[in-house]
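Enquirer: Take this structure first; my questions come after.
The values are calculated or read from the model by the stated rules, or taken from the named source; none is laboratory data. Remember, predicted model here, so these are calculated numbers, not experimental data. Reconstructed Cβ throughout: ideal geometry from the backbone, glycine too, with neighbour counts over all protein chains shown.
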Amino acid sequence: MYRVWNFLTDYSLLLIIGAGMALVWANIDASSYHHFVEFVIWENGPIGHLHDGHRTLTLHYLINDVLMALFFAIAAKEVWEAVILKTGSLRGRKAATPLFATAGGMFGPILVYLGLAMVMGSETYQAVSNGWAIPTATDIAFSYLVGRLVFGAGHPAVRFLLLLAIADDAAGLIILAIFYPSGELAPEWLLVSLAAAILVFVLFNWLPRALDGAKDHRPASTWVRKNLSFLPYLVAGCVSWYAFMRSGLHPALGLLPIVPTIPHADRAFGMFSAAEEHLTDLLNQIEHALKYPVEIVLLFFGLLNAGVEFSSMGNVTWLVLAGLLIGKPVGIFIMGYIAARPMGLGIPEGMRIIDLFVIGCVAAIGFTVALFVASVAFPGGAVQDAAKMGALFSFGAAIISVIAGKLCRVEKQSV
């Protein structure tokens, strides 16, 4: 990736600024804030039926459903790299314990969220149950930053955390696609997305390489790269996005089928490695080009989604927080321990079992993805606002992580 460390140090700050502005604005003048969020950019446009059943493009729809597709494409690129490349970080035995810990970090929050909701009574349970996926999220950006603060940049627990976070992202994308469709499902449209992915791969990736054969100077691939660059993938991405929108799946996931079709180097330097910015394959170049646009998108995402009034706090706020702050650390520790000890899969050299609990505290920062899931899990209104407040309050996990690190006597390790 333009490996998300530069990415993170930049856009994380913009995301925080956007969220902070939204909170202040919504609590000073809620009416003007909500008017801004639902600002109509295009009325009766030719795009097709959008979120309100009409051809109306609002600022909120443009950011959440159209431009956030770029953010999820970058997450998908991380997953694809980690799983498919020979040097991928989620291949083989080294990924086993982080994957088990990831499962604990997802099932733990779900059990805590739904369990407490049931204790609160059937009426509360019915009102909030659809938000079960909100506390499963781990914000990879802020978790990475806090992980470095708690463990030090050179601690093996930081790499473990990154493996866990990227696996969590992969599971989160699946959950969004399956459990939170944006409308009535019309799965036949997914064939259009699949066709776009297959065509662009065959015509502009596989075929040029096949024509090149054993020629070292690769004339066909060079011509395609020089003259067409990313344009075929842009067209395929637009087709796939539209197909996802018409299929009823959330259109922000619409670029996912196209990411694996883009030519990629058969090597990776590891997650967040600065060295990867020097890779010149098309997939990495596209990501480099998206760096600053995605920063701006995330600024607006924070601005348009974090504007909740403090008075909106309710039961779901505390359920989301409990799922993140209790379910995450406990689930990650238990499943990580089972994988490392009884199953004998082990943990990285230099890590202790107790570090799993501290990693769980760091992973409890839900923020970006939790906000996104909250916005699709509940219709606009009091329950959605209360859920978003829980996602915002998950920043408190950063303080808890520092305290947990001190209590567990974590020894920081520099690079």
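Enquirer: Among (1) surrounded by 22 or more Cβ atoms within 10 Å (Cβ to Cβ); (2) part of a loop (DSSP other than H, G, I, E, B); (3) not aliphatic (A, V, I, L, M), there is one condition GLY183 misses while meeting the rest; what is its number?
Expert: GLY183 satisfies every listed condition except (1).
Enquirer: May I pose another question? In the range 101-124, what count of residues is obtained for those that are more than 30 Å from PHE160 (Cα to Cα) and in a helix (DSSP H, G or I)?
Expert: 6
Rundown of residues vs (1) over 29 Å from the mean Cα position of the chain (by Cα); (2) aliphatic (A, V, I, L, M); (3) within 15 Å of LEU282 (Cα to Cα), yes/no style:
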| site | (1), (2), (3) |
| --- | --- |
| ILE198 | no, yes, no |
| ARG209 | yes, no, yes |
| GLY213 | yes, no, no |
| SER221 | yes, no, yes |
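Enquirer: Something else now. Among the residues of the range 26-34, are any at pLDDT below 90 and either of a type in the set (D, E, K, R) or under 24 Å from GLY390 (Cα atoms) (or both)?
Expert: No.
Enquirer: In the range 199-222, how many residues are loosely packed, with under 13 Cβ neighbours inside 10 Å, part of a helix (DSSP H, G or I) and of a type outside the set (Val, Ile, Thr)?
Expert: 2
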